[in-house]
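All remarks here apply to the structure that follows.
The values are calculated or read from the model by the stated rules, or taken from the named source; none is laboratory data. These figures come from a predicted structure and were not determined experimentally. Heads up, the Cβs are rebuilt from the backbone with ideal geometry, glycines too, and the neighbour counts pull from every protein chain shown. These accessible areas exclude ligands, DNA and RNA; they are computed on the full protein's heavy atoms, side chains included. Shrake-Rupley method; radii C 1.70, N 1.55, O 1.52, S 1.80 Å.
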Amino acid sequence: SGVQALVSKTGRAAHRLVGSRAIAGSLSRRQIESLEMDGRVVTISPDRKVVATMDIAVPTIGADRLSQYLGYSGKGVTVAVIDSGLTPSAAVPASRVLASVDFTGARSTNDGFGHGTHVAGTIGGSGVRGSVRGVAPASNLVSLRVLDASGQGYVSNVIEAVDWSIAHRNTYGIRVLNLSFGHPPAESSRTDPLAHAVERAWAAGL
């Protein structure tokens with residue numbers, strides 16, 4: 001409390017960070033130099049900005065090089081995102097979401113969980129106005145909601161979404177399906193209905 005009072009006295013907007021012994025504040029260089037002489041202060045660190053970016057993920061998988069050297073941006077390709085829905089944003093505007101269909105029975109394609117929106121940004125975020133830049137920033141998307149607001153759903157919903165993608169692939173130019181969710185195998189792929197659905201999609205050229 002003594003250090004916080006000192007920070008408050010010398011700087012402004014000082015407040016203790018809940019759950020730690022740290023104190024955040026805004027100080028001048030002279031005030032920082034004065035504070036570091038106080039024996040109660042262990043260390044002083046800059047309060048750096050954090051931003052939502054894909055600046056590590058995209059180059060890690062080589063997507064930046066595909067765009068820079070080969071000109072691939074996803075233009076003309078539609079990705080069906082089978083997930084929790086999709087909330088349009090600066091990264092993925094509504095104009096690039098060609099269709100939204102709910103398979104959960106909720107009669108809503110809103111993303112109440114957030115995972116589908118995150119995945120859509122990873123796939124096709126445009127990077128405009130500081131937003132997330134994804135792997136294929138010029139791609140279009142189709143949002144097929146199979147997960148509810150708690151991030152859960154049923155295999156039957158996913159199968160319906162996969163078959164919908166197959167049936168509408170030419171209408172929307174769907175060439176890729178994205179299924180980013182857990183499905184622990186409980187039977188052989190020879191009998192697993194979801195495996196069969198994915199095989200149908202593959203055979204249809206997706």
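Of the residues that make up segment 68-78, is at least one among the hydroxyl-bearing types (S, T, Y) and in contact with a strand residue (DSSP E or B) (Cβ under 9 Å, 6 or more places away or on another chain)? Within segment 68-78 (the criterion being among the hydroxyl-bearing types (S, T, Y) and in contact with a strand residue (DSSP E or B) (Cβ under 9 Å, 6 or more places away or on another chain)), the answer is yes, since at least one residue qualifies.
E33 meets the conditions (1) open to solvent by 70 Å² or more (accessible area, probe 1.4 Å); (2) of a type in the set (D, E); (3) at pLDDT below 85 in every case but one. The failed one is (3).
Scanning segment 80-91 for residues that are touching a strand residue (DSSP E or B) at 6+ places or on another chain (Cβ under 7 Å) and surrounded by fewer than 18 Cβ atoms within 10 Å (Cβ to Cβ) gives a single hit, P88. For segment 144-175, the set of residues classified as buried (at least 18 other Cβ atoms within 10 Å of the Cβ) and either closer than 24 Å to I61 by Cα or aromatic (F, W, Y) (or both) consists of W164, I174, listed by residue number. Taken over segment 23-51, the residue count meeting the criterion of being out of contact with any helix residue (DSSP H, G or I) (no Cβ under 7 Å at 6 or more places or on another chain), more than 30 Å from S131 (Cβ to Cβ) and not acidic (D, E) is 8. Out of T104, T109, T60, one residue alone is within 18 Å of the chain's Cα centre (by Cα), of a type in the set (S, T, Y) and crowded, with 17+ Cβ neighbours inside 10 Å. It is T109. Kindly indicate whether any position in segment 63-79 is part of a strand (DSSP E or B), surrounded by 17 or more Cβ atoms within 10 Å (Cβ to Cβ) and touching a residue at least 24 places away in the same chain (Cβ under 8 Å). Yes: one or more hits. H15 meets all of the listed conditions (1) open to solvent by 50 Å² or more (accessible area, probe 1.4 Å); (2) at pLDDT 85 or above; (3) not aliphatic (A, V, I, L, M) but one, namely (2).
Of all residues in segment 36-57, those satisfying the criterion of being surrounded by 10 or more Cβ atoms within 10 Å (Cβ to Cβ) and at pLDDT below 80 are A52, T53, M54, D55, A57. With respect to (1) open to solvent by less than 40 Å² (accessible area, probe 1.4 Å); (2) in contact (Cβ under 8 Å) with a residue 60 or more places away in the chain, the lone exception for S180 is condition (1).
Candidates A94, A24: the one that is of a type in the set (G, A, S), without any contact (Cβ under 8 Å) to a residue 60 or more places away in the chain and open to solvent by 30 Å² or more (accessible area, probe 1.4 Å) is A94.
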